[in-house]
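Structure first, then comments.
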Amino acid sequence: MLHWLRRHPIPVSAFLRHSLVLTYAFPAAVLEPLLPKGLVLDLFRGHAFLAIALVQTERLRPSFLPAAIGRDFFLSGYRIFTRLNRAGRSRRGLRILRSDTDRKWMVVAGNLLTHYNYDLCQVTLEERGHDIHWTIRTPRSEADLEVIARLTDKPAALPSQSPFATLAEARRFAGPLPYTFDYEKETDSIIGVRVVRQRWDPQPVAVEVRRNTFLEQGALGQASPILANAFYVRDVPYHWQRGRRL
C-alpha cells in the first residue's frame, strides 16, 4: 500500500503568490543518467534542461476542502524536462530530483503522499522595490540558493549564452509542464500527475544568481551549466490531479 500512497492519491489545490523558474542547459549525457526507466530527455538543439522553481505557495489543501483551511509554505524544486513516449503518443513532463520546503509538516506529508523527495530548508524572501530576493539554506549546503529577480515593466532579454533564439522558444522550457513523472518500481510503471493552472503568463526577468550549490555537485558541477532562461509569474490558481499509472 505504501507505493500506492506515494502516487499523489489526493487532488490538491493551491494559490501561487510568487513563482520564479530558472532553467539551465546541460549536455544530454549529464542529465540522462538521472532519469528512471521509461523516460527520455526533452531535448532542444542537442541541449537537455534542468529547472529550479522557487514558489511561495498559499492555501494548499485537498481540492474538495475550502481554501480557508489551506496551509502556506515555500517550495524549491529541481526538475528535469522529460518526455514519456508510449503507444505512439509523446507526453511532456518533469522528473523531480529534489524538493525543499520551510515547513516540517510538508516534508512529512509530501514524502508520504508523493515522489517529490522533500527536505527541510530555511528561506527568506525580501521584496525591495522591483526586486525579489530569495535566500535558501539547507542543512548540509547541498541545495543552497541565493537569487535576486529584477521585476520591471519591460520584459528582460534572454541570458547572453542561452541556446534559445527567441522568447517563444524559451517559454517551452519555462515550466511547469502538463505532467510530473516518476518511476514506480513496485509496478514497473511511470506515475504521472496532471497539472491544471489558470492565468499562466510567465514573464522573462533578469536575475542575479549569487549561490547555487546543487549545480556544483558531482557530474552537474563538472558540466558548466548555462542559464537558459528565467521566468516569473504571480497570483496563479493551481491544481494537481490524482496521480495515475501511464
Checklist entry - Hey, R59 hits all of (1) in contact (Cβ under 8 Å) with a residue 40 or more places away in the chain; (2) in a strand (DSSP E or B); (3) on the phi < 0 side of the Ramachandran plot but one; which does it fall short on? => result (3)
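Residue by residue, here is whether (1) free of Cβ contacts under 8 Å to residues at least 60 places away in the same chain; (2) in a strand (DSSP E or B) holds:
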position	(1), (2)
S19	no, yes
V30	no, no
A48	yes, yes
F81	no, yes
Item to check | Residue check, A48 over 30 Å from L125 (Cα atoms) and either in contact with a helix residue (DSSP H, G or I) (Cβ under 8 Å, 6 or more places away or on another chain) or open to solvent by 10 Å² or more (accessible area, probe 1.4 Å) (or both) | outcome: no
Checklist outcome for this item: Of those in region 93-115 that are in contact with a His (Cβ under 8 Å, 6 or more places away or on another chain) and of a type in the set (A, V, I, L, M), the residue farthest from L177 (Cα to Cα) is L113
Item to check | Residue count for region 110-144, restricted to those that are over 19 Å from Y232 (Cα atoms) and assigned to a strand (DSSP E or B) | outcome: 5
Checklist entry - Restricting to region 208-224, what's the tally of residues that are open to solvent by 40 Å² or more (accessible area, probe 1.4 Å) and under 21 Å from G175 (Cα atoms)? => result 2
Next on the checklist: Looking only at region 182-207, count every residue that is touching a His at 6+ places or on another chain (Cβ under 9 Å) and within 27 Å of V123 (Cβ to Cβ) and tell me the total.
Outcome noted: 6
Checklist entry - Is it the case that some residue within region 64-79 is surrounded by 14 or more Cβ atoms within 10 Å (Cβ to Cβ), over 26 Å from I148 (Cα atoms) and aromatic (F, W, Y)? => result no
Item to check | Positions within region 1-37 being surrounded by 21 or more Cβ atoms within 10 Å (Cβ to Cβ) and hydroxyl-bearing (S, T, Y), in sequence order | outcome: S19, T23, Y24
Checklist entry - Are any residues in region 169-206 under 14 Å from A51 (Cα atoms) and either free of Cβ contacts under 8 Å to residues at least 12 places away in the same chain or of a type in the set (A, V, I, L, M) (or both), and if so, which ones? => result A170, A174, L177
Next on the checklist: Among the residues of region 214-222, are any more than 29 Å from R7 (Cα to Cα) and at pLDDT 95 or above?
Outcome noted: yes
Next on the checklist: Please determine whether any residue of region 96-109 is among the acidic types (D, E), assigned to a strand (DSSP E or B), under 25 Å from R234 (Cβ atoms) and modelled with pLDDT of 95 or more.
Outcome noted: yes
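The values are calculated or read from the model by the stated rules, or taken from the named source; none is laboratory data. This is a predicted model, so every value here is computed, not measured. FYI the Cβ positions are ideal-geometry reconstructions off the backbone, even for glycines, and counts take in every protein chain you see. These accessible areas exclude ligands, DNA and RNA; they are computed on the full protein's heavy atoms, side chains included. Shrake-Rupley method; radii C 1.70, N 1.55, O 1.52, S 1.80 Å.
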